[in-house]
Amino acid sequence: MSRRFWVYIEQEDGKVHPVAWELLGVARQLADQVGDDAIVEGILVGHNMDEAAQEALHYGAETVYVLDHPTFKNYLNKPYTSALRFLVQKHNPEVFLVGATTLGRDLAGAVATSLKTGLTADTTHLAMGTIKEDPRKLLLATRPAFGGNVIATIICRNHSPQMATVRPRVFNPAPRQAEAKGQIVHETMEITPDMINAEIVEFITNAAATVKLEYADIIVSGGRGLGGPKGFELIKQLADELGGVVGSSRACVDAGWIKYDHQVGQTGKTVRPKLYVAAGISGAIQHKVGMQESDFILAINRDPHAPIFDVATMGIVGDLYEVIPALIKEIRARKEA
């Protein structure tokens with residue numbers, strides 16, 4: 001019997017969240033670690049999902065199980081939990097990965113609870129391995145604990161599926177294959193009134209409520225070296241000139257200078273932009289693990305021995321309140337030219 005590695009294909013209005021392609025990539029790596037009998041499969045719940053299901057095949061899913069019904073058009077926790085519980089009990093996957101997004105965190109916890117299995121939340125590393133007391137290859141899910149001061153590897157030995165939510169941008173997406181190989185299986189389940197305990201009356205969106213750090217191409221981050229919250233006005237000026245967004249170190253968030261949505265690092269967001277500017281950030285390991293995969297890192301710090309320079313592509317030793325205005329001036333001059 002095949003060992004099934006499942007990925008929840010998160011979607012909204014038929015648009016798949018990019019974390020799904022990242023999870024398909026890591027699921028393939030995990031499956032390869034246990035043998036030829038392991039298969040990678042995608043799970044889709046929604047309405048009018050054919051295009052999304054086909055795309056999941058292009059990203060490496062060998063089978064995509066689809067529950068398509070008007071009830072699932074918009075996300076609600078109880079019907080989606082019922083849908084995933086139904087599929088898990090029918091197909092018995094060994095590992096089930098969900099993106100650690102707002103929706104994924106809400107859904108994964110409810111599904112794990114309803115199945116009476118374990119869930120490792122907000123993981124940053126995954127592998128299949130054995131432990132001394134058990135010869136089986138189990139999911140080894142690693143995540144920061146105790147405020148990022150400890151790294152814990154968690155296993156779920158006695159219950160299945162072994163579940164984990166995974167931060168966006170921690171893993172590279174699976175390569176898209178021009179020819180999709182695999183099958184789409186349309187599942188059906190009985191929709192009962194007791195499955196629906198809420199109704200969506202209206203969507204009210206606030207574009208400024210959440211900073212989309214994970215998939216930004218350019219991020220300008222400020223640290224304790226800013227000296228106070230007003231320093232982020234300068235950081236935002238540079239970010240705006242570059243067409244990027246504002247990030248922050250944990251120290252600034254803890255000090256109340258900026259909201260948590262901007263935090264980059266082990267206990268914040270993991271990012272992989274084309275350009276990452278670290279201004280006044282010393283470079284503690286907790287921050288570096290969240291941004292060191294950036295394509296180009298520019299570090300600005302008065303301390304020439306700051307650890308941030310260890311991962312920087314280019315470093316400027318100087319006062320950020322002198323360097324950043326000079327950068328802004330030069331950028332504007334080049335734009336005018």
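The values are calculated or read from the model by the stated rules, or taken from the named source; none is laboratory data. Model, not experiment: these values are computed from the prediction. Here the Cβ positions follow ideal geometry from the backbone for every residue, glycine too, while neighbour counts run over all protein chains shown.
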Exercise for the section: Being in contact with a helix residue (DSSP H, G or I) (Cβ under 6 Å, 6 or more places away or on another chain) and surrounded by fewer than 24 Cβ atoms within 10 Å (Cβ to Cβ) narrows it down to one of V40, V16, so name that one. Expected result: V16
Handout entry: Flag if R272 is surrounded by 19 or more Cβ atoms within 10 Å (Cβ to Cβ) and among the charged types (D, E, K, R)
Key = yes
Problem - the stretch 246-261 residues that are at negative phi and free of Cβ contacts under 8 Å to residues at least 60 places away in the same chain, paired with ones that are part of a helix (DSSP H, G or I) and of a type in the set (V, I, T) (beta carbon under 8 Å, 6 or more apart) - result: V246/I235; K259/V253; Y260/V253
Fill in the blank from the handout: Among helices (runs of 4 or more DSSP H) entirely within the stretch 40-157, at least 2 residues that are touching a residue at least 60 places away in the same chain (Cβ under 8 Å) and more than 20 Å from E190 (Cβ to Cβ) occur in 50-58, 102-115
Problem - Pair list, Cβ < 6 Å and 6+ apart or interchain, from the stretch 285-311 residues that are under 16 Å from V271 (Cβ atoms) and in a loop (DSSP other than H, G, I, E, B) to residues that are at pLDDT 95 or above and polar (S, T, N, Q) - result: none
Problem - Criterion: of a type outside the set (D, E, K, R) and surrounded by fewer than 17 Cβ atoms within 10 Å (Cβ to Cβ) - qualifying residue of I131, I154 - result: I131
Exercise for the section: Taking the options G247, G256, name whichever one is in contact with a His (Cβ under 6 Å, 6 or more places away or on another chain) and either buried (at least 23 other Cβ atoms within 10 Å of the Cβ) or part of a loop (DSSP other than H, G, I, E, B) (or both). Expected result: G247
Handout entry: Test: residue in the stretch 180-190 that is buried (at least 19 other Cβ atoms within 10 Å of the Cβ) and either more than 30 Å from H58 (Cβ to Cβ) or modelled with pLDDT under 95 (or both)
Key = yes
Completion exercise
Only one of F232, F171, F203 is out of contact with any Lys or Arg (no Cβ under 9 Å at 6 or more places or on another chain) and in a helix (DSSP H, G or I), namely F232
